[in-house]
Amino acid sequence: MIAGHFGFAAVVKGRERSAPLWMLMLASVWLDIVFVPLFLAGKETMHSVPSHSGYGAAVIYADYTHSIVGALVLSAILTTFCWPIWGRRSAIVIGLVAVSHWVLDLIVHRADMPVLPANLGHLPRLGWGLWRFPMLSASLEALLVLMGAGFYWGAARAISIQAGRETRWAAFVSILIAVCGLGILGLDVTSR
Ligand SMILES: [Zn+2]
């Protein structure tokens with residue numbers, strides 16, 4: 001899931017003016033950004049599900065970045081970094097958006113996300129496995145993208161009108177969110 005995370009970031013941007021959209025989008029995939037070097041180093045791994053391919057057909061052992069504790073620590077690091085730049089409120093919102101990644105992943109992942117880093121204590125792994133139903137899962141992502149574009153449009157339009165500016169820019173950005181989000185989802189769904 002990538003598009004769904006971006007969509008959620010845009011939903012938040014519709015309510016939270018001071019945090020920049022690009023930072024909220026970066027926060028929404030922060031756990032996956034940290035996953036990349038760990039994956040390349042072989043510390044976190046990804047396996048395809050037998051008899052399936054393409055969208056959602058993966059079991060991902062991201063045992064540090066996608067453990068509950070790991071996700072909270074990474075989000076706290078991001079909040080700490082953003083605090084001096086955008087202030088307390090925005091930094092906390094950015095941190096919560098980073099945590100939202102874990103919550104959205106919980107819905108789609110196939111019971112592969114541990115509680116503690118490195119799956120210490122071998123507690124049950126979490127994930128409700130919506131990826132087993134690719135159509136449902138892709139629909140949820142599309143819904144998040146469209147909600148994000150809609151919420152962004154509503155907020156940006158109101159701000160433009162208030163400031164006596166044209167609303168064209170707000171419309172352009174919300175259309176961009178919808179097109180890019182659905183484009184990324186399309187690539188994800190048709191990948192194999
Ligand atoms: Zn993830």
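Each value in this text was obtained by applying a stated rule to the coordinates, not by laboratory testing. For clarity, every value in this text was computed on a predicted model and none was experimentally measured. Backbone-built Cβ (ideal geometry, glycine too); neighbour counts: all protein chains shown.
Things to note:
- Helices assigned as whole DSSP H runs in the chain whose Cα atoms extend at least 20 Å along their own long axis and whose mean Kyte-Doolittle hydropathy is -1.0 or higher are found at 68-108, 134-162, 168-190.
- Tail weight of P(r) past 25 Å, computed on alpha-carbon pairs of the chain, percent: 39
- By other beta-carbon atoms within 10 Å, ranking H66, H109, H122, H52 with the fewest at the front produces H122, H52, H109, H66.
- The ranking of K13, K43 by Cβ neighbour count inside 10 Å, starting from the fewest, reads K43, K13.
- Helix-only CD estimate at 222 nm, as mean residue ellipticity for the chain, using -39500 (n - 2.57) per DSSP H run (n ≥ 4): -22000 deg cm²/dmol
- Alpha-carbon centroid distance for the pair the range 136-192 / the range 39-75, whole angstrom: 27
- Summed side-chain charge close to A19 - residues other than A19 whose Cβ falls under 14 Å, Lys, Arg +1, Asp, Glu -1: +4
- Cα gyration tensor category, rounded, prolate or oblate, for the range 1-94 with a/c compared to 1.5: oblate
- Cβ crowding within 10 Å, taken as a proxy for footprinting-reagent exposure, orders R157, R110, R15 from fewest neighbours to most as R15, R157, R110.
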